[in-house]
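> Structure incoming, see below.
The values are calculated or read from the model by the stated rules, or taken from the named source; none is laboratory data. Quantities reported herein were computed from a predicted structural model and do not represent experimental measurements. Neighbour counts run over all protein chains shown; Cβ positions are idealised from the backbone, glycine included.
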Number of protein chains: 2
Amino acid sequence: MKIEFTPIGIIHSPFTELEGMPIQPSGAAGVKGHVEVFKDFHPGLKDLDGFSHIILLYLFHGSRGFNLQVVPFLDSTPRGLFATRAPKRPNPIGLSIVQLDKIEDNVLHIRNVDILDGTPLLDIKPYVPEFDAQHQVRAGWLEKAGKTASTRKSDDRFK
Amino acid sequence: MKIEFTPIGIIHSPFTELEGMPIQPSGAAGVKGHVEVFKDFHPGLKDLDGFSHIILLYLFHGSRGFNLQVVPFLDSTPRGLFATRAPKRPNPIGLSIVQLDKIEDNVLHIRNVDILDGTPLLDIKPYVPEFDAQHQVRAGWLEKAGKTASTRKSDDRFK
């Protein structure tokens, strides 16, 4: 079974190469970027300006192939791929929750951007705490490591 | 630009048709299901059992086509598609955060499932509060409507 998707826009950021990028939005606090939504989809942006945060789904277009066990940026132990947010995945879909500052025509001005410049956008969803914020969470190996994500940067291992 | 994905597993739930389904995991509290991850990807599940919650990305396979403005289940006003979680989208990728009860071999036993039985799985990511829980959020038209999602059910409008 093959599933075919087509980009609905392009994400722009200050990050033109993988090395040195923040590895999560928590490490990209304040970093600004913008999303150019293709004109055909403009009417779909109505009402989005009421939301302070949005979920971007996009293609990890800088990554090729995958390994089912990886040593993540935040660790020195090999972990199962699906217990990580590593970009090299069987279906390389990226997920970032960013702050939405404003919308001008078909351009979304966003903040806390940990995404490579030129990234193809697949979908935009509103972030809704009732659906998306979980409580009493155990975060496995990322329980401690996740807290350091705000200071760690990417290297070239996921090219 | 065409992007091609292939399912990595199948999601099983008690919901065999769209009508009557919960419309978000918040309305599916306690509903159990399981994810069959295809054997090829089994090694990628290592370490995932340390996480209490996981993000499932999947294909809205029960939906065809899309409209850029829709009247969502939770509202009576047409909204921009990207300001909703409606399943009929240009790239029909679904996102649910579910509770992970346990893993047996290549089967994930999950809870709070708002997903149609037989849904093709595209990706699994660990839910990490540092990355995924946002604070000081404005949720636009869903600010009030979102709170009723726990009691509302789907109808046939997104077939």
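> Any chance you could count how many residues in the range A:92-108 are within 14 Å of the chain's Cα centre (by Cα) and either surrounded by fewer than 21 Cβ atoms within 10 Å (Cβ to Cβ) or closer than 25 Å to A:ARG64 by Cα (or both)?
So the count comes out to 7.
> Determine which member of the set A:LEU108, A:LEU116 is part of a strand (DSSP E or B) and either at pLDDT 90 or above or under 23 Å from A:PHE60 (Cα atoms) (or both).
A:LEU108
> I would also like to ask the following. Could you check B:HIS135 against (1) at the interface with chain A (Cβ under 7 Å from one of its Cβ atoms); (2) more than 30 Å from B:MET1 (Cβ to Cβ); (3) out of contact with any Pro (no Cβ under 7 Å at 6 or more places or on another chain); (4) modelled with pLDDT under 95 and say which number it fails?
Going through the list (1) at the interface with chain A (Cβ under 7 Å from one of its Cβ atoms); (2) more than 30 Å from B:MET1 (Cβ to Cβ); (3) out of contact with any Pro (no Cβ under 7 Å at 6 or more places or on another chain); (4) modelled with pLDDT under 95, B:HIS135 breaks only (1).
> With the checklist (1) more than 25 Å from B:PRO72 (Cα to Cα); (2) within 7 Å of another protein chain (Cβ to nearest Cβ) in hand, flag the one item A:VAL128 doesn't pass.
(1)
> Can you confirm whether the range A:11-32 contains a residue that is at pLDDT 95 or above, at positive phi and over 13 Å from the mean Cα position of the chain (by Cα)?
No: the range A:11-32 contains no residue that is at pLDDT 95 or above, at positive phi and over 13 Å from the mean Cα position of the chain (by Cα).
> Within the range B:102-131, can you find the residues that are at positive phi and in contact with a Leu (Cβ under 7 Å, 6 or more places away or on another chain)?
Result: no residue meets the conditions.
> So how many residues does the range B:119-144 have that are assigned to a helix (DSSP H, G or I) and surrounded by 20 or more Cβ atoms within 10 Å (Cβ to Cβ)?
Residues of the range B:119-144 that are assigned to a helix (DSSP H, G or I), as a first pass: B:129-132, B:142-144.
Filter once more, so that each one left must be surrounded by 20 or more Cβ atoms within 10 Å (Cβ to Cβ): B:131-132, B:142.
Total satisfying the criteria: 3.
> Let me ask something additional. All but one of (1) surrounded by fewer than 19 Cβ atoms within 10 Å (Cβ to Cβ); (2) modelled with pLDDT under 95; (3) of a type in the set (A, V, I, L, M, F, W, C); (4) closer than 30 Å to A:ILE103 by Cβ hold for B:LEU68; which doesn't?
(2)
> Give me the strands (runs of 3 or more DSSP E) completely within the range B:2-101, filtered to those with at least 3 residues that are touching a residue at least 12 places away in the same chain (Cβ under 8 Å) and more than 7 Å from every other protein chain (Cβ to nearest Cβ), ordered by residue number.
B:9-12, B:32-37, B:53-59
> Filter the range A:32-44 for residues that are of a type in the set (A, V, I, L, M, F, W, C) and surrounded by 21 or more Cβ atoms within 10 Å (Cβ to Cβ) and give the result.
We begin by selecting, within the range A:32-44, every residue of a type in the set (A, V, I, L, M, F, W, C); these are A:35, A:37-38, A:41.
Matches in the range A:32-44: A:VAL35, A:VAL37.
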